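Read through the structure below, which is laid out as structure tokens, and then see the notes.
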Amino acid sequence: MTPSPRTAVLLRRIAPPLAVLLLWQYLVQQFGIGDGFVPAPTEVVLALETWIFGEPSRYSGTWLTSLTDSALRVAAGFFAALIIGAPLGILIGRSKVASDLLDPILQLLRPIPTASWIPFCLIFFGIGSSAAVALVAVGAFFPIVLNATAGARHISTLHLRSARMLDATRLQILWRVVLPAALPSLLVGARIALGLAWMLVVISEMVAVKSGIGYELWDAYYYNRMDVVVAAMATVGLFGYLSDLAVRLVVRKYLFWHVDTGK
Amino acid sequence: MVNTVNASNTAHAAAGIVVRNLRKVYRDATGDVVAIDGLDLNIHAGEFLCILGPSGCGKSSLLNILAGFEAPTSGSALLNDKPITGPSRLQGVVFQDTAALFPWLSVQDHVAFGLKNTPLSANEKKEKVRSTLALVGLQDFAEKWPHQLSGGMRQLVSIARVLVTDSRVLLMDEPFAALDAMTRQRMQKKLIEIWQATRITVMLITHSVDEAIYLSNRTLVFTKRPASIAVEIPVDMAHPRVVTDPEFNRLKSIALTHLGF
């Protein structure tokens with residue numbers, strides 16, 4: 001029996017990660033690769049199970065709380081960056097004056113690695129959640145503002161002329177022409193920003209916050225609980241993937257008209 | 001219902017354009033390019049005028065000035081005796097490129113766009129959108145998006161979004177150039193129907209001699225840049241016109257001669 005093309009595709013996609021997991025399990029179990037510092041996949045699954053469902057204790061039953069803490073910081077930082085970055089980017093893209101005033105500052109600040117803002121986040125916000133939110137917001141801000149700028153800068157002359165000949169006001173042009181035309185680029189920026197947000201929340205929780213997945217990950221490392229470290233890595237990876245999927249669903253819903261991204 | 005349609009049709013009170021001693025100079029790195037030099041031109045109310053001319057002869061500059069997108073270097077362009085100072089609902093443009101449609105708006109939202117700042121009630125607007133879509137034959141495509149339409153249909157949307165505003169003048173810049181020959185003929189027929197129903201003043205720029213003679217009351221053949229009128233060809237034939245008619249061919253050959261063929 002030959003499998004249908006669909007099954008074949010599914011197999012092709014599932015087989016490699018499965019093979020990697022099996023090889024990893026085999027190497028650790030048979031040869032003790034990693035001198036006991038590398039947990040086998042089965043150990044990670046057990047650690048994750050205890051972390052999620054166990055009685056409240058260290059690395060036990062605290063998974064959901066930590067995940068919620070981290071996810072809320074990601075969301076708060078991301079939306080703060082979106083609310084400030086999207087309008088600012090559109091302003092820079094549409095106004096020569098705003099571009100001359102603000103673009104050089106952004107271009108100078110942009111190459112600074114976001115993590116190097118951690119000292120200032122701590123000085124201004126102290127050890128705690130708001131420092132993490134601030135760091136996420138700083139990191140997410142740049143891809144959003146830069147992509148919004150790019151989107152707003154390249155509005156077709158034909159679209160602007162069409163709107164003007166139909167007597168649209170400046171505000172109507174902004175809302176009904178510039179914003180939708182900039183949206184595909186803006187959402188590309190939002191996707192990049194969200195990926196960065198998960199990375200930055202973990203970094204900030206490692207050094208600046210006493211809660212969240214990143215905190216537990218770093219704490220587990222100090223206690224040599226590498227199974228928990230890997231479980232935390234897998235958790236962040238999974239939820240980073242899920243939030244990217246959410247943005248893609250938004251894109252599919254609102255950009256169905258955009259032939260390049262709507263499909 | 002019938003009254004509303006009539007009302008919307010009579011609302012297209014035709015208007016004329018008067019161009020006097022018009023000059024347009026573009027400045028670029030290599031120096032000045034004179035696109036139009038001392039052009040005089042009348043477009044009569046309700047007339048269908050076609051302009052034929054070689055590429056880069058300044059036809060599009062003229063259209064952009066009449067649309068209010070560009071200002072003349074000197075001379076005047078009047079619409080209804082008033083200088084054209086910028087784009088407005090009075091004169092609408094159908095661009096060659098259907099990318100001028102907004103990909104994020106449905107067909108009916110395109111047509112409703114020009115009614116945003118009118119004092120009409122929501123119901124009146126709806127009725128107006130409906131009757132305009134019926135006029136161009138897109139009543140069954142109101143809820144489609146541009147990417148779902150053929151090139152010909154997209155140009156009908158471009159026409160409808162101008163007509164809905166009771167525009168007095170329709171400026172068309174090679175509107176059917178990108179269409180295949182069959183679609184092009186269907187669109188020309190449709191455009192004549194629309195013009196006959198609305199008696200809107202039309203200025204249509206084209207490279208096709210057949211198209212100009214088929215559509216217009218009067219065709220102007222432009223010279224090479226800077227644009228001036230090489231010949232004026234009145235077309236006094238009833239619609240629907242037959243492209244193999246002797247009179248049609250006679251007019252065609254006049255145009256071709258002046259285009260240098």
Helix B:122-136: inclination vs chain B longest Cα principal axis, degrees, rounded to 10, gives 50 degrees
Beta bridge orientation in the protein assembly as shown: antiparallel %, DSSP, nearest 5: 55 percent
Where both residues lie in chain B, what percent of DSSP beta bridges are antiparallel, nearest 5? 55 percent
As a footprinting exposure proxy, order B:His110, B:His147, A:His258 by other Cβ within 10 Å, with the fewest listed first. B:His147, A:His258, B:His110
If you line up the Cα atoms of the range A:27-167 on their principal axes, what length do they span on each, largest first, in Å? 72, 37, 30
What number results when the radius of gyration of the protein assembly as shown, computed over Cα atoms, is divided by 2.2 N^0.38 Å? 1.36
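Would you kindly give the portion of the calculated P(r) for the range A:158-263 that falls above 25 Å, as a percent of all Cα pairs?
Summing the P(r) tail past 25 Å for the range A:158-263 gives 46 percent.
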Among B:Leu133, A:Leu101, rank each residue by its count of other Cβ atoms within 10 Å, from fewest to most, as a rough exposure measure. A:Leu101, B:Leu133
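Arrange the following residues from fewest to most other Cβ atoms within 10 Å of their Cβ: A:Val247, B:Val243, B:Val162.
The fewest-first ordering by Cβ neighbours comes to B:Val243, A:Val247, B:Val162.
Calculate, in whole percent, how much of the Cα-Cα pair population of the range B:117-261 lies beyond 18 Å.
Here the tail beyond 18 Å accounts for 62 percent of pairs.
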Can you tell me the 0 to 90 degree angle between the C-alpha axis of helix B:151-163 and the longest principal axis of chain B, rounded to 10? 80 degrees
DSSP-assigned coil residues among trypsin sites (Lys or Arg not before Pro) in the range A:19-98, each with at most 15 further Cβ atoms within 10 Å: A:Arg58
Peptide ranges A:206-217, B:244-255 listed from the most packed, as the mean C-beta count within 10 angstrom indicates: A:206-217, B:244-255
Overall Cα dimensions of the range A:11-105, principal axis frame, Å, largest first: 66, 38, 30
Of B:Ala67, B:Ala122, B:Ala197, which is the most mobile in a GNM of chain B whose springs link Cα atoms less than 10 angstrom apart? B:Ala122
Projected area averaged over all directions for the convex hull of the alpha carbon atoms of chain A, nm², comes out at 19.9 nm²
Shielding by partners, peptide B:101-112 (average Cβ within 10 angstrom, other chains): 4
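Largest first and in whole Å, give the semi-axes of the range A:1-65's equivalent ellipsoid, each being the square root of 5 times a Cα gyration tensor eigenvalue.
32, 20, 7
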Å³ per residue enclosed by the Cα convex hull of the range B:35-110: 132 Å³
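If I take all pairs of Cα atoms in the range B:203-253, what percentage of them are more than 11 Å from each other? Walk me through the intermediate numbers first.
Working: 875 of 1275 pairs.
Beyond 11 Å sits 69 percent of the P(r) for the range B:203-253.
Every number here is computed from the coordinates shown, using simple stated rules; none is lab data. These numbers were taken from a predicted model, which means no experiment stands behind them. Neighbour counts are summed over all protein chains in view; Cβ atoms, including those assigned to glycine, are modelled from backbone coordinates with ideal geometry.
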